[in-house]
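Trainee: Below you'll find the structure I mean.
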Amino acid sequence: MAKIIDGKMISQQIKDELKEKAAKLKEQGKTGALAVIQVGEDPASSVYVRNKKNACAYIGIESLAYELPNETTEAELLALIDELNGKSQVKGILVQLPLPGHISEDAVIRAISPKKDVDGFHPQSVGAMTIGEPGFLSCTPAGIIQLLKRSGVEIAGKHCVIIGRSNIVGKPMALLMLRENATVTITHSKTSNLQEICRQADILIVAMGRPQFIGAEYVKEGAVVIDVGIHRDANKKLCGDVKYTEVEPIASAITPVPGGVGPMTIAMLMNNCVQSIEEG
């Protein structure tokens, strides 16, 4: 039976630590706000934005909400970001993705000052992470490192296989696992012998975006399985990229969906916000 890695519990521990830290910074006169920008009314984005505001309130960080209509132009959005870059009290800027098709996500990410890039998406943040310099880490991969460490999973010397090569999860995940002295293999949609490679993993991180794709035949006995996917199945129930009931009996540890990686992303966003206040 696999150990269930409880992302809700671990994220709560992190948020409690950050709440204490934010209170100490406030005593030193260090405060700041997170500006959250949402363009349009995508229901999933609205849920994420609400969760981020609630997390700010819990930790004791001010949040500023900018809810813009779908027809907002790219120029208008960039002007707002420029204005927020110049506000000293705004320590973090977050633009909820995805954006409407007429706005370039790349242009928006690049417009945010690297000092306020609490998502860790700016090319400067990514570059700093690549060479091990200080900076904001991408929230989901940083959250996965915390999940592993706080669950007592040894990373150093282990073979980590990552399925997915996105800029948001796959690539930064590989860099952070290298930083923790794992041996890393990245696989993706063009990998020809995916099953064979996955079966070599001590730690298998699945971020492929395909519901319930990874079954027992991909997993080595005793592997640690981290499921980054989030989907709804035919019955509208939340599920991940992994066939949980099939994989759980052979894994040594596994993250559930929901309640695994998801809560950690917001916890690490809050960590970046507190870091921005501390450094600001």
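Trainee: Name the residues in segment 38-72 that are more than 15 Å from PRO100 (Cα to Cα), β-branched (Val, Ile, Thr) and surrounded by 15 or more Cβ atoms within 10 Å (Cβ to Cβ), would you? Before you say what the answer is, go through the steps one by one.
Mentor: Here is the first cut: in segment 38-72, the ones more than 15 Å from PRO100 (Cα to Cα) are 47-66.
After this cut, where a residue has to be β-branched (Val, Ile, Thr) as well, the list is 47, 49, 59, 61.
Listed by number, the residues that qualify are VAL49, ILE59, ILE61.
Trainee: Moving on to the next point. Checking LEU80 against (1) within 21 Å of GLY280 (Cβ to Cβ); (2) in contact with a helix residue (DSSP H, G or I) (Cβ under 8 Å, 6 or more places away or on another chain), which single condition isn't satisfied?
Mentor: Of everything listed in (1) within 21 Å of GLY280 (Cβ to Cβ); (2) in contact with a helix residue (DSSP H, G or I) (Cβ under 8 Å, 6 or more places away or on another chain), LEU80 misses just condition (2).
Trainee: For the structure I just gave you, tell me whether GLY143 is at pLDDT 95 or above, among the small types (Gly, Ala, Ser), in contact with a helix residue (DSSP H, G or I) (Cβ under 9 Å, 6 or more places away or on another chain) and in a loop (DSSP other than H, G, I, E, B). Give the steps one after another, and end with the answer.
Mentor: On the way: at pLDDT 95 or above: yes; among the small types (Gly, Ala, Ser): yes; in contact with a helix residue (DSSP H, G or I) (Cβ under 9 Å, 6 or more places away or on another chain): yes; in a loop (DSSP other than H, G, I, E, B): no.
No, not satisfied.
Trainee: Shifting gears a bit: If only one of ALA23, ALA55, ALA2 is modelled with pLDDT under 95 and either of a type in the set (Gly, Ala, Ser) or farther than 19 Å from PHE136 by Cβ (or both), which one is it? Lay out the reasoning, then the answer.
Mentor: Details: ALA23 fails: modelled with pLDDT under 95; ALA55 fails: modelled with pLDDT under 95.
Exactly one of ALA23, ALA55, ALA2 is modelled with pLDDT under 95 and either of a type in the set (Gly, Ala, Ser) or farther than 19 Å from PHE136 by Cβ (or both), namely ALA2.
Trainee: Further question: Restricting to segment 102-139, what's the tally of residues that are part of a helix (DSSP H, G or I) and among the acidic types (Asp, Glu)?
Mentor: Filtering segment 102-139 for residues part of a helix (DSSP H, G or I) gives 105-111, 114-116, 123-130, 139.
Applying the additional criterion that residues be among the acidic types (Asp, Glu) yields 105-106.
Residues flagged as part of a helix (DSSP H, G or I) and among the acidic types (Asp, Glu) within segment 102-139 amount to 2.
Trainee: Name the residue, out of ALA79, ALA128, that is modelled with pLDDT of 95 or more and out of contact with any Gly (no Cβ under 9 Å at 6 or more places or on another chain).
Mentor: ALA79
Trainee: Any chance segment 99-116 includes a residue that's at pLDDT 95 or above and under 24 Å from ILE163 (Cα atoms)?
Mentor: For segment 99-116, residues at pLDDT 95 or above and under 24 Å from ILE163 (Cα atoms): present.
Trainee: Going through segment 26-52 one residue at a time, which ones are modelled with pLDDT of 95 or more and of a type in the set (S, T, N, Q)?
Mentor: Within segment 26-52, GLN28, THR31, GLN38 qualify.
Trainee: Next up: For segment 1-37, which residues satisfy the criterion of being within 25 Å of PRO98 (Cα to Cα) and more than 19 Å from the chain's Cα centre (by Cα)?
Mentor: ALA33 - this is the single residue of segment 1-37 that is within 25 Å of PRO98 (Cα to Cα) and more than 19 Å from the chain's Cα centre (by Cα).
Trainee: Which of the following residues is within 25 Å of PRO134 (Cβ to Cβ) and either outside the structural domain of SER113 (by TED's automatic domain parsing) or in contact with a His (Cβ under 6 Å, 6 or more places away or on another chain) (or both): ALA174, ALA251?
Mentor: ALA174
The values are calculated or read from the model by the stated rules, or taken from the named source; none is laboratory data. In this text, all values refer to a predicted model and were calculated from it rather than measured experimentally. All Cβ positions, glycine included, derive from the backbone under ideal geometry; neighbour counts span all protein chains shown.
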